[in-house]
Structure formats: structure tokens, C-alpha cells
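Any read-out appearing in this document is the output of simple, stated calculations on the displayed coordinates, not a laboratory observation. Small disclaimer: the values here were computed from a predicted structure and weren't measured. Note: ideal-geometry Cβ built from the backbone for every residue, glycine included; neighbour counts use all protein chains shown.
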Amino acid sequence: MSDRPHPLLIVIAALVYLFLMVPLVIVVGAALSDTTYLTFPPQGLSLRWFENIFQISAFRRTIVTSLQIAFLGTLIALLIGIPAAYALNRFRVELPKWLGTLFLLPILVPEIVFGFALLKSLTVGTGAPIFLALLIGHTLIVLPYVVRVISASLASFDFSIEEAAISLGSAPVKTFFTIVLPNVRGGVIAAFILAFITSLNDVSVSLFLTGPGISTLPIQILAHVEQFFDPTVASVSVLLMVLTVAVMAIVERTLGLTFLAK
Amino acid sequence: MTARRFWRRNGATGWALTAPATLAVVAFLIVPIGAVIAGTFMDPRGVFAPYISYFNSGFRTTVLFRTLQISAFTTVISLIFGFMTAYVVSRAPGKVKSLLIVAAVFPLLTGVVVRAFAWLIILGRNGILNQALLALGIVNEPLEMLYTQGAVIVGMVYLFVPLMVLSLVGVLENIPKDVLQASSSLGASPMATFWQVLLPLAVPGLIVGAVLVFTGSFTAYATPQLLGGERQTVLATLLQQRAMVSFDWVGASTIAAIMTVITISIVLAMSHVARRINPMAT
């Protein structure tokens, strides 16, 4: 069927894309407005609401916490997820099938239930510090992305290269770092980015893991929106979008964006 | 040779390498959630007491049905528009196609709070839509659009359409082109090819997409919270209120158990169905 889609379908697809883009444009416009209330099109251009973000200490604090949690959580998920993804591919025959499903559980169970369960068992149950509970929660919700993306790159890796290195006398651990890992570098970068953004945007797990002086940025945004209807949140949103664009540019440079469309 | 034999010996190395991740999932996810669910059956009032009191409350059963209804509407709307859009994207020439994929990935990577917030600006009492409608003289006073079921559904569709488009583009691209060419060269009209060849081949992918959207909207928190408020309480917002506002742990755990059981059953049932009806399966 080399013929083009029906014109009506093209019109509908164009409208769907308009529906996807317009709200984001509106947020950017509202962030640039000079008014004390949210409006679009912006009335008088100004960056004062961007300055305002950093004048509110709750925003300053939660931005730092969110970045710390996203970075550390992703790092730990990579440390435990890369060996797991490697083993799932390398020992496909020896390991049971359900093990692969086990690592997907954090995205199969409702995230909000997971957050509540962590609150009940960890924060309330053992009195663990909130930061630690947040870190554990975020590590687990990004683990499925890490295992899946890296497994996908390992699936196209030819393990006979590794065997060749080992039979020529290279130590297994050294072989992993010098032969296997460099071959799936793209997958590791993609996994890092996907995990980092997922953690940064998470609401449902962080929702329950807040306490005096500690929370994440999305939870702070929710709290702010419910009290004030000023453009501060719009400018925070724009900051997050800029970050997303930057990240997408990195992915584009290293892997090509179609990589994300899997 | 010895190194190779060591490596080949058995799956012990495999188990050892998966152990840290397995332990993390078991200790911090399975055990805590299992404990929440088990706890609901240890109520001093009786084994099923929390569930009996849940379903005896008119408000709480309404919340359950409202959540199911919102998820069903969101799924159907996302499925229809997602499929049509994905079809156009999959037929687009190379450059345009990658641009369209990027345009769908971008909202997906933008957080749920930001995306719900955008609709707050649009649908608010003094929002853009009301201003436009007033300026055009279509309405005389602002419409109450926020805190309605429609607002929540619009916000959810906005959340899930990109996901649907992206997963269906993948599905449509995996359908071999020769099958469609065979159909049209044997005399089927484009419409017939679409309904009788393309659509049946896409059904397993449509089911997977539908499950993703249904379970996603069934458990979503930020969008119903911002766009629906208390008037459109759903299971996720009710769970949050019970746990963080009323400190009703048993009530919150019951909601958590209901959400988990419904989500997992849908995922299992539909993945079973998708596997059975897959016409491409060997």
C-alpha cells in the first residue's frame, strides 16, 4: 500500500499534534508574562517569574533534592541493573523466564500503591530517613527502564566475541569491562537519561515520602499550584522543558532519537 | 580453556549477577506491597471487614466506578486518535516521520504535573478557553470546565495519546509491507485492505496499548488531583487522602489492595488474550 493516507486522516493527525503542542506553548507564554496571575498570550514580557523560583526556598531546596535523588537513584539502578540485564541475556537458557518479569514489576504494580507501601513499611515501619526511602523508591521505579533498555542493546551483542576474548586468556571481569560494556555504551547512555527523567518527573512515589523540609520538585509544584495561581509554576515548568530539550539533544547526538520510540 | 569452562559451568554466575536487583525488588517492593495487602485481611472486625465496609460506602463505590469510567473513556479516545495518528506517522516520508516521532516523545518526557498544569491554565474559570468563548460571544458567562469528569478525561487523553502513538507506530512498522501489497495487488480496495488486513494484524498491538493506557489512567494521581479536585475523587486521590489526611491506614491499604488486584488482573488477562489472538504468532 504505497498510496498516501486518506486526507481526512492527515487532518485528524494534524489536529492531534496541535492538541499535543498547544498546551506546552501556552505554558511557555504564561511563564514569560509580566502579570501576577496566569494569562496567555503574555502581557508584557518578563523573566521575573524565573527569578522568583529561586527566591522561594522551598523550590530551591526541592530542586536540589530532586536532582540528587534522580542522579543517585539512576546510578544505583545502573549498578544493579547492568549485571542483571547482562545475566538475563548471557544466561538466557540457565535462568528462568520469570526473572525478567520480576525486574519489570515496579512498572506493573500501581506506582501510588508502591509509594504508600514504602511509607508504611519503611518510613513508618522502620523509621528510615525520608531521603533514604525516596532514594530506594526512585531506584526501583527506574530499574525496569534500565534493565529493558540495556537488555535491548545486549540482544544484538554477539556473545561469541566475549567467548573469544576469554578463551584467548582474558579474565571474565576484565572482558566484561573492555569488550561487553563498550559495545552497549549507547544503551547505557539511553538508560541513564530515561531513568533520570523518569525519576525527576515522578509524583506517585514521592507523594508519600515527604516530611519536614524534604520533598521533591513535582510535589512542591503540586503544593504551590493548590495555593497560588501565579506564573511561578509556569516558569518552573519551562525550566523542566528546557532540561528535557537539552537531554533530547544529547540523545539525538549520541543515538538518534528514533531510539526512544521503541 | 579453564576460564571458558568456568564461565560455561552453570547458571550460578547468572544468579549471582541478578541477585542484587532481585533482592532490591523483593525486599523493597514485593514484601512491602504484600504486607499492605496481607494487613487488610487481619482486621480485628473480621477477615473481609475492610472490603465489606468499602463496598458498603456509597461514596467509595462511586469513586471506584468513576475511576473505571474515566479510564475506559480515556482508553477508547486515546486508542481511536492514537491509531489514526500512528497510521499517518508510519506512512510519512523519512524526515517528516522522525520529526513527528520527536514531537510525540517530547510531551512524554515532560512531567505529568507540568502537563496537567497546562490544562489548568486552559480550562480555568478565567482560563484561555473561557476568555476566547466570551470574546467570541459564544457564551455570556464563563463555563465551569474544571473539576468536571470531562476535564479529567481531557487531561488523561493528553497524557496518554503520545504513548499510544509511539507504541502503535512500532506495531504498524512491524507489519510486513508485502502483506499489504499482496492485498491491494489481489484487488482489495484501500479501505478493504485497511479493515481486513491492517487492522486485524494490529490488534495485538492495540491491546497492549489499551492496557498501558487503562492501567495508567486507572492509577494516575496528579491529573485527577489538579483537574478534578475533590469533586472528581478517584481511587488514587482517595488513597492519598485516606493515608495522608485522615491517617486511616486500613482504609488506604484496602484501596491499595483493590487497585493492585484490578491492575494486575487486567495486565495478565489482556496479555493472555493478546498472545492467543495474535495472527502472526507461530
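If a residue must be hydroxyl-bearing (Ser, Thr, Tyr), in contact with a Phe, Trp or Tyr (Cβ under 9 Å, 6 or more places away or on another chain) and surrounded by 15 or more Cβ atoms within 10 Å (Cβ to Cβ), how many such residues does the range A:35-65 contain?
Counting residues in the range A:35-65 that are hydroxyl-bearing (Ser, Thr, Tyr), in contact with a Phe, Trp or Tyr (Cβ under 9 Å, 6 or more places away or on another chain) and surrounded by 15 or more Cβ atoms within 10 Å (Cβ to Cβ) gives 1.
State which residue is farthest from the other protein chains (Cβ to nearest Cβ) when the search covers only the range A:87-99 and only residues that are surrounded by fewer than 23 Cβ atoms within 10 Å (Cβ to Cβ) and in contact (Cβ under 8 Å) with a residue 24 or more places away in the chain.
Here the answer is A:89.
Looking at the structure I just gave you, is residue B:70 crowded, with 20+ Cβ neighbours inside 10 Å and among the β-branched types (Val, Ile, Thr)?
Taking the combined requirement at face value, the residue satisfies it.
Please state which of the following conditions residue A:54 fails to meet, knowing it meets all the rest: (1) part of a helix (DSSP H, G or I); (2) at the interface with chain B (Cβ under 9 Å from one of its Cβ atoms).
Looking at each condition in turn, residue A:54 falls short on (2).
Being within 11 Å of another protein chain (Cβ to nearest Cβ), in a helix (DSSP H, G or I) and over 30 Å from residue B:12 (Cβ atoms): is that true of residue A:64 here?
No, not satisfied.
Among (1) over 25 Å from residue A:116 (Cβ atoms); (2) more than 9 Å from every other protein chain (Cβ to nearest Cβ), where does residue A:171 come up short?
For residue A:171, the failing item is (2).
Can you report the number of residues in the range B:229-282 which are part of a loop (DSSP other than H, G, I, E, B) and over 22 Å from residue B:57 (Cα atoms)?
Qualifying residue count for the region: 5.
Just to be sure, is residue A:104 crowded, with 23+ Cβ neighbours inside 10 Å and within 13 Å of another protein chain (Cβ to nearest Cβ)?
Answer is no for this residue.
Answer yes if at least one residue in the range B:241-252 is within 23 Å of residue B:32 (Cα to Cα), facing chain A (nearest Cβ under 10 Å) and β-branched (Val, Ile, Thr), and no otherwise.
no
Please work out which residue is farthest from residue A:200 (Cα to Cα), limiting yourself to the range A:140-177 and to residues that are of a type in the set (S, T, N, Q) and over 28 Å from the mean Cα position of the chain (by Cα).
Looking at the filtered set, the residue picked out is A:167.
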